[in-house]
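One structure is given here, and the rest of the page talks about it.
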Amino acid sequence: MIPGININPQCHDIFSWDTLGNIKEGRKNLGETMPVLVYRMLAYSMNDVLCKQFGKEKADELFRQAGFKAGSEFAVHVLPLDADESTFISTLIQTMEQLKIGILRMEKTDFQKGEVVITVHEDLDCSGLPVSNELVCKYDEGFLAGILHAYTKQNYTVREVECWANGNRVCRFKGSVTDESE
């Protein structure tokens, strides 16, 4: 749970790993994969609605929160949280690529200092977008923070510093441990 987030009791635990269902059983003919276009239609239309309803800052924060929740659940159910650092990172890299989320590289990892620099090539959220001079991967910021929190049990703030949408050909994220009271 991200500190300072208020949860509506009527909406508590709508999303968890179990609510994703049995995709193999439910999509026997179509399978588990879908085009990136479909994912982006959902994400970008949701962002558009949230931005118009609440403003850009709030929409960005809501996407980070959703990413954090998803990243936490993903880590708990897919990644070896009890593994040593090297095994955890290599499994994360392999899994992200296998699921076609992106090609992840850890440029800097210092869990003792609480500092990471992560790059994602062919990022699901933005690779191929027209240049808009924006950093658009707010969901990814939360997703990576959720994964880091699940593994380290520390609260990370992750922010994108380079993005395909601002003219780079890689997304680069810097993460650092933050005080729980923030």
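The figures follow:
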{"item": "Only Lys, Arg (+1) and Asp, Glu (-1) charged, at Cβ; the range 19-99 dipole about Cα centre in debye", "result": "500 debye"}
{"item": "Accessible area (Å², 1.4 Å probe, nearest 10) - Ser72", "result": "30 Å²"}
{"item": "Anchor Lys52: aspartates and glutamates whose Cα lies under 16 Å away (excluding residues fewer than 8 positions away in-chain)", "result": "Asp60, Glu61"}
{"item": "The range 60-119 versus the range 146-165: alpha-carbon centroid distance in Å", "result": "8 Å"}
{"item": "Charge sum, other residues only, whose C-beta stays under 13 Å from Trp164's C-beta, Lys/Arg counted +1 and Asp/Glu -1", "result": "-4"}
{"item": "Selection from Pro35, Val117, Phe143, by position along the positive dipole direction of the chain (Cβ)", "result": "Pro35"}
{"item": "Mean Kyte hydropathy of -1.0 or more with a Cα span along the axis of at least 24 Å, helices from DSSP in the chain", "result": "36-54, 56-78"}
{"item": "With every protein chain in place, the chain: carbon and sulfur % of accessible area (1.4 Å)", "result": "53 percent"}
{"item": "Within straight-line cross-link reach of Lys153, lysines at Cα separation under 25 Å, skipping those fewer than 8 residues along the same chain", "result": "Lys69, Lys108, Lys113, Lys138, Lys174"}
{"item": "Loop trypsin sites (Lys or Arg not before Pro), the range 28-95 (other Cβ atoms within 10 Å of the site Cβ: 16 or fewer; DSSP)", "result": "Lys28"}
{"item": "Computed over the chain: relative contact order in percent, which uses C-alpha pairs under 8 Å that are six or more apart", "result": "21 percent"}
{"item": "Accessible area of the chain divided out per residue, in Å², using a probe of 1.4 angstrom", "result": "61 Å²"}
{"item": "In the range 17-119, GluC sites (Glu not before Pro) in a DSSP loop with at most 10 other beta-carbon atoms within 10 Å", "result": "Glu32"}
{"item": "Label-to-label distance, nm, for residues given as Gln98 and Leu37 (7 Å Cα→Cβ offset)", "result": "2.9 nm"}
{"item": "Spatially proximal lysines relative to Lys28 (Cα-Cα < 21 Å; intrachain offsets below 8 disregarded)", "result": "Lys100"}
{"item": "Student exercise, the chain dipole from Lys, Arg, Asp, Glu Cβ charges, in Debye to nearest 20", "result": "480 debye"}
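The values are calculated or read from the model by the stated rules, or taken from the named source; none is laboratory data. If you're wondering where the values come from, they're calculated on a predicted model, not measured in any experiment. With ideal geometry, Cβ positions are generated from the backbone for all residues, glycine too; neighbour counts draw on all protein chains shown. The area values use the complete protein model at the heavy-atom level, side chains included, leaving out ligands, DNA and RNA. Shrake-Rupley method; radii C 1.70, N 1.55, O 1.52, S 1.80 Å.
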